[in-house]
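Heads up, the thing below is written out as structure tokens.
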Amino acid sequence: MPNTELQKRRVLVIGAGPSGAIAAALLKRNGHDVLILERQRFPRFSIGESLLAHCLDFVEEAGMLEALEAAGFQHKNGAAFAWGEEYSDFDFGQTFTQGKPGTFQVQRARFDQLLADQAEAQGVEIRYEHEIISADMSGERPLLRARRLDGSEYLVEAAFVLDASGYGRVLPRLLDLEAPSNFPARRAVFTHIEDRISAPSFDRDKILITTHPQHRDIWFWTIPFSDGRCSLGVVAADEHFQVAPQDLDACLKQFVEQTPSLRKVLGNAVWDTPARTIGGYSANVKALHGPGFALLGNAAEFLDPVFSSGVTIAMRSASMAAGLLHRQLQGEQVDWQGEFAEPLKRGVDTFRAYVEGWYDGSFQDVIYHPASSPEIRAMISSILAGYAWDLRNPFVAEPKRRLRTLAEICARTPA
């Protein structure tokens with residue numbers, strides 16, 4: 001297509017979700033020309049609805065915190081865990097890292113739209129329903145082909161590209177960067193319900209994570225919203241779904257029915273929204289950056305939804321990349337591996353250690369242990385609040401060794 005229209009921009013961001021909106025706003029605030037191309041039309045449904053406290057640090061950095069606080073989302077001050085008759089909760093106001101004491105539980109359609117609108121209000125151009133269909137990184141500047149909804153195409157030449165496409169994983173697909181995850185294949189089935197929860201023990205200011213009574217690798221999220229509704233989902237390995245009903249609503253209801261504590265909490269719920277499913281979401285890449293581009297958030301790597309780390313990792317990567325790219329565009333020599341990939345990976349690997357510990361049961365033993373010290377709980381609470389990069393925290397500096405030692409102390413003796 002020799003006559004294809006060519007547009008030249010300073011920075012191209014792929015995707016208008018949280019990482020794209022934050023990165024674009026930060027770059028615009030530093031005076032850079034930024035264009036976001038988003039394949040979908042907002043608002044659009046997404047999961048990842050329970051934010052961690054560390055998220056608000058980046059929302060504040062991007063000048064969006066006041067708008068978020070005024071939006072009426074459900075306040076969240078921590079996380080609660082239930083397994084049979086056992087219950088444990090962690091308060092984000094009692095953490096080793098002195099961060100934000102609370103955050104929000106959000107309907108992502110409205111939340112993502114809010115962040116994107118805030119980026120636009122700061123001067124970022126967003127083009128919805130524009131899809132990237134090819135990428136050429138071999139020249140002096142990246143050259144990407146975009147397709148509009150009407151089928152017409154154009155080229156965008158940029159000084160740098162940030163891929164914030166989330167599960168779409170645009171550049172990993174187009175540049176053959178995808179790599180297999182080391183996590184087993186798992187699936188989530190989820191819905192929104194009118195919860196009508198009346199149990200006095202239920203804390204709407206916390207996400208509730210419930211462990212299946214017989215299978216400790218099956219767990220549920222219950223995320224209350226401010227309008228009397230909640231997000232409900234079950235996560236399990238594929239093998240558990242093979243013996244469950246194929247109908248998604250019946251499947252989710254059966255798993256809840258098998259879990260008495262959760263069944264009791266949701267006893268009055270109105271199931272008014274068809275369930276959805278997502279599987280094979282754990283992903284990895286061969287590299288987080290290359291000549292003229294960097295990958296943000298889920299476009300690079302997604303671990304597991306259990307500790308709601310996805311949006312935090314996405315926003316953290318956006319902040320880091322935007323700061324580094326600003327310096328580079330100012331003419332400074334920067335080290336994307338040493339200043340972006342490696343430090344980002346340290347936090348991701350911290351989350352990874354606790355996700356692995358959750359599924360093998362060792363971290364669950366720690367969570368439900370009745371005699372844990374306040375100091376250790378504060379260190380664990382910091383990680384659950386998203387502060388997985390604070391190397392002053394021993395459980396961040398040496399996550400595997402510290403968790404292994406603690407789990408041995410808390411290990412349950414078989415009945």
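Filtering segment 1-32 to residues that are outside any helix (DSSP H, G or I), out of contact with any Pro (no Cβ under 9 Å at 6 or more places or on another chain) and buried (at least 17 other Cβ atoms within 10 Å of the Cβ) leaves 9, 11, 13, 14, 15, 16, 17, 32.
Answer yes or no: is there a residue in segment 69-79 that is surrounded by fewer than 21 Cβ atoms within 10 Å (Cβ to Cβ), assigned to a helix (DSSP H, G or I), assigned by TED's automatic domain parsing to the domain that holds residue 36 and not β-branched (Val, Ile, Thr). Looking for residues that are surrounded by fewer than 21 Cβ atoms within 10 Å (Cβ to Cβ), assigned to a helix (DSSP H, G or I), assigned by TED's automatic domain parsing to the domain that holds residue 36 and not β-branched (Val, Ile, Thr), one finds at least one in segment 69-79, hence yes. When residues in segment 52-79 are screened for being polar (S, T, N, Q) and on the phi > 0 side of the Ramachandran plot, 0 of them pass.
Can you tell me which of 340, 351, 395 is within 14 Å of the chain's Cα centre (by Cα) and aromatic (Phe, Trp, Tyr)?
Values: 340 fails: within 14 Å of the chain's Cα centre (by Cα); 395 fails: within 14 Å of the chain's Cα centre (by Cα).
After ruling out the rest, the residue left standing is 351.
Of all residues in segment 274-301, those satisfying the criterion of being in contact with a helix residue (DSSP H, G or I) (Cβ under 9 Å, 6 or more places away or on another chain), buried (at least 19 other Cβ atoms within 10 Å of the Cβ) and in a loop (DSSP other than H, G, I, E, B) are 275, 281, 288, 296, 300, 301.
Of the residues 76, 28, which is in contact with a strand residue (DSSP E or B) (Cβ under 8 Å, 6 or more places away or on another chain), within 23 Å of residue 223 (Cα to Cα) and of a type in the set (Lys, Arg)? Steps first, please.
On the way: 28 fails: within 23 Å of residue 223 (Cα to Cα).
That would be 76, the only listed residue that is in contact with a strand residue (DSSP E or B) (Cβ under 8 Å, 6 or more places away or on another chain), within 23 Å of residue 223 (Cα to Cα) and of a type in the set (Lys, Arg).
To keep it simple, each residue is scored yes or no on (1) under 23 Å from the mean Cα position of the chain (by Cα); (2) assigned to a strand (DSSP E or B); (3) surrounded by fewer than 18 Cβ atoms within 10 Å (Cβ to Cβ); (4) β-branched (Val, Ile, Thr).
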residue	(1), (2), (3), (4)
208	yes, yes, no, no
215	no, no, yes, no
221	yes, yes, no, no
227	yes, no, yes, no
230	yes, yes, no, no
233	yes, yes, no, no
236	yes, yes, no, no
249	no, no, yes, no
252	yes, no, no, no
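Among the conditions (1) part of a loop (DSSP other than H, G, I, E, B); (2) more than 18 Å from residue 162 (Cα to Cα); (3) β-branched (Val, Ile, Thr), the only one that residue 334 does not satisfy is (2).
Determine which member of the set 153, 85 is out of contact with any strand residue (DSSP E or B) (no Cβ under 7 Å at 6 or more places or on another chain), more than 22 Å from residue 18 (Cα to Cα), in contact (Cβ under 8 Å) with a residue 24 or more places away in the chain and of a type outside the set (S, T, N, Q). Spell out the reasoning first.
On the way: 153 fails: out of contact with any strand residue (DSSP E or B) (no Cβ under 7 Å at 6 or more places or on another chain).
Answer to the selection: 85.
Only one of the numbered conditions (1) touching a strand residue (DSSP E or B) at 6+ places or on another chain (Cβ under 8 Å); (2) at pLDDT below 95; (3) not aliphatic (A, V, I, L, M) is not met by residue 239, and that is (1). Being under 29 Å from residue 67 (Cα atoms) and surrounded by fewer than 17 Cβ atoms within 10 Å (Cβ to Cβ) holds for only one residue in 109, 119, and it is 109.
The values are calculated or read from the model by the stated rules, or taken from the named source; none is laboratory data. Because the structure is a prediction, the values reported are computed rather than measured. Neighbour counts are summed over all protein chains in view; Cβ atoms, including those assigned to glycine, are modelled from backbone coordinates with ideal geometry.
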